[in-house]
Amino acid sequence: MNISGPNGLLSAILEVPEGKDSCPLVILMHGFMSNKRLEPLKSVAAALLENGIASLRFDFDGHGRSEGRFKDMTVRKELEDARAVYEAARKFPGVNGIAFLGHSQGGVVAGMLAGELGFPAVKALVQLAPAAVLKDDALNGVLMGKHYNPADPPEKLRVFFHTVGREYFTVAQKLPIYETSACYKGPVLLVHGKEDKIVPYRYSEQYDKSYPDSTLRLLDGENHFLSKRRKEVVGLSVQFLKSKF
């Protein structure tokens, strides 16, 4: 399915439990250079379905099968995408509550949008290795091992197989990540690996300090992609969400 976003059509996958007239729904948000079909979102969606919870996962603009160019992507634009998806999901028949789950940069977007929408519009929030480091990286002039002048970011920077545009850096430098997210007063679960080399777990510790109702789970031996203890990560996430609807 496609959802109309402010920056073009957003490709999405809706999975709904069979035989239910109504059920809760979780909007799943992927990370930087990822997409809706990759882990850990794929496993989370399957587990939610098994527990009678619908899920809606989508590609941010410039990612996966959504419209837009990757080099035009910014976190602000992803916030706009996520808000459009939320507004569309609110109108789905049978949805009796919406929660968010985001991984990495998607965790940042999920937290900020939850802060903007508030509780109980968003029933619960799960952030998996939320990449709040992206602001510090932009201020320090580094992205995925590439360095640049933060006072004058390049018009474009090639990172792996993608080109990141200047606006990504200038927007990231000014993002009120914690300030906006902290406005969310509902229940939050933070899951972060202690061996995360991309986003140090201290960023989740900072999130935990900023929320009034949060639980932080730090996992020994786990990496940024949550591949070592994925079954545990998925189980923690789904049981938390199930308990909040």
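Where a number appears in this text, it was derived from the coordinates with a stated rule and is not lab data. On a predicted model such as this, the values are computed, not experimentally measured, just so you know. Note that each Cβ is placed from the backbone with ideal geometry, even for glycine, and that neighbours are counted across all protein chains shown.
Some observations on this one:
- Unit charges on C-beta of K, R, D, E only; dipole of the chain, Debye: 220
- Zero-based 10 Å bins, Cα pair distances in the stretch 65-182, whole percents: 13, 42, 31, 12, 2, 0
- Cα-based reach from residue 197 at 17 Å (exclusive), listing lysines while leaving out same-chain residues under 8 positions away: 135, 146, 228
- Whole-number D in µm² s⁻¹ for the stretch 136-245, Kirkwood Cα-pair radius fed into Stokes-Einstein, 20 °C, 1.002 mPa s: 134
- Pairs from 123/242; 123/185; 42/77; 156/194 whose Cα-Cα separation, in the structure shown, is over 21 Å: 42/77; 156/194
- Helix 41-50 axis versus longest C-alpha principal axis of the chain: approximately 10°, rounded to the nearest ten.
- Charge tally for residue 73 (other residues, Cβ to Cβ under 14 Å; Lys, Arg +1; Asp, Glu -1): -2.
- For the stretch 2-244, share of DSSP beta bridges that run antiparallel, in % to the nearest 5: 35
- Kirkwood Rh (inverse of mean 1/r, distinct Cα pairs), the stretch 171-229, angstrom: 12.3
- Exposed loop sites, defined as GluC sites (Glu not before Pro) outside DSSP H, G, I, E and B with at most 11 other Cβ atoms within 10 Å, are absent from the longest region of the chain, namely 19-154.
- The simple Förster model, with R0 at 22 Å and r as the Cβ-Cβ distance, assigns residue 243 and residue 209 a FRET efficiency of 0.45.
- Structure-derived Kirkwood radius over Cα pairs in Å - corresponding label in (1) 18.8; (2) 21.7; (3) 17.8: (3)
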